[in-house]
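Colleague: Quick one: structure below, then a few questions.
The values are calculated or read from the model by the stated rules, or taken from the named source; none is laboratory data. Just so it is clear, the structure is predicted and the values come from calculations on it, not from any experiment. Every residue, glycine as well, gets a Cβ built from its backbone with ideal geometry; the counts of neighbours run over all protein chains shown.
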Amino acid sequence: MPGKSQRSKPARLRAAPAAPSKGSQPVAGFVHVTRQVHFNSAHRLYNPAFSRRWNEKQYGLCTRPHGHGHNYVLEVTVSGRPDPATGYVIDLGELKAIVNRAVADPCDHRHLNEDVPFLRGLIPTTENLVVAFWGQLAPLIRQGRLHSVRLYETPRNFVEYFGPEPAL
Ligand code: NI
């Protein structure tokens, strides 16, 4: 092409980093590690500040008085650079233990409106649940950082949360 130097290509190739020597770790960017857990819970969508009619209009069948159940699937993702010694961002066994202890065990086979202390006073929509779950999980993640919480209410309906917006 006119005006374009053919020499630029070999120069870029020479600048590429050398391949890692035997036994060393590759230089890694951020890696995302996910644990999936399941739990079964009942809930009712109902805002006590509004009338029954309003609630029925907003929530339809989901506001029926005694609630209904879901087979929830929760995916918790931690991001970070793999530790040079272990190759892990976070030990998945540890992530599993954290997610079970902080979220799945307290919610499993419970009524989310009544039985879970950290959800008290919350309308248990999937949106509100992911924010509450983030609050439970974030302080417990000490390797890497909590990247996202994804909650499937049904196989086709899910909500994701990436944490509070940074302060302006
Ligand atoms: Ni529901």
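Colleague: Within segment 141-168, take every residue that is farther than 17 Å from Arg44 by Cβ and of a type in the set (Ser, Thr, Tyr) and give me the one that is farthest from the ligand (Cβ to nearest atom).
Modeller: Out of the qualifying residues, it is Ser148.
Colleague: Next question. Could you please let me know if Ala138 is within 12 Å of the chain's Cα centre (by Cα), more than 25 Å from Arg44 (Cα to Cα), surrounded by fewer than 20 Cβ atoms within 10 Å (Cβ to Cβ) and without any contact (Cβ under 8 Å) to a residue 60 or more places away in the chain?
Modeller: Spelling it out, Ala138 is indeed within 12 Å of the chain's Cα centre (by Cα), more than 25 Å from Arg44 (Cα to Cα), surrounded by fewer than 20 Cβ atoms within 10 Å (Cβ to Cβ) and without any contact (Cβ under 8 Å) to a residue 60 or more places away in the chain.
Colleague: Would you point out the residue of segment 141-168, among those that are of a type in the set (Lys, Arg) and within 15 Å of the chain's Cα centre (by Cα), that is modelled with the highest pLDDT?
Modeller: Looking at residues that are of a type in the set (Lys, Arg) and within 15 Å of the chain's Cα centre (by Cα), I get Arg150.
Colleague: Further question: Find the helices (runs of 4 or more DSSP H) located wholly in segment 7-113 whose residues include 1 or more that are within 16 Å of the ligand (Cβ to nearest atom) and modelled with pLDDT of 95 or more, and list them. Break it down stepwise before answering.
Modeller: Working: elements: 8-15, 52-59, 92-99.
Once the helices (runs of 4 or more DSSP H) in segment 7-113 are filtered for at least 1 residues that are within 16 Å of the ligand (Cβ to nearest atom) and modelled with pLDDT of 95 or more, what remains is 52-59.
Colleague: Which numbered condition trips up Pro124, out of (1) within 15 Å of the ligand (Cβ to nearest atom); (2) part of a helix (DSSP H, G or I)?
Modeller: (2)
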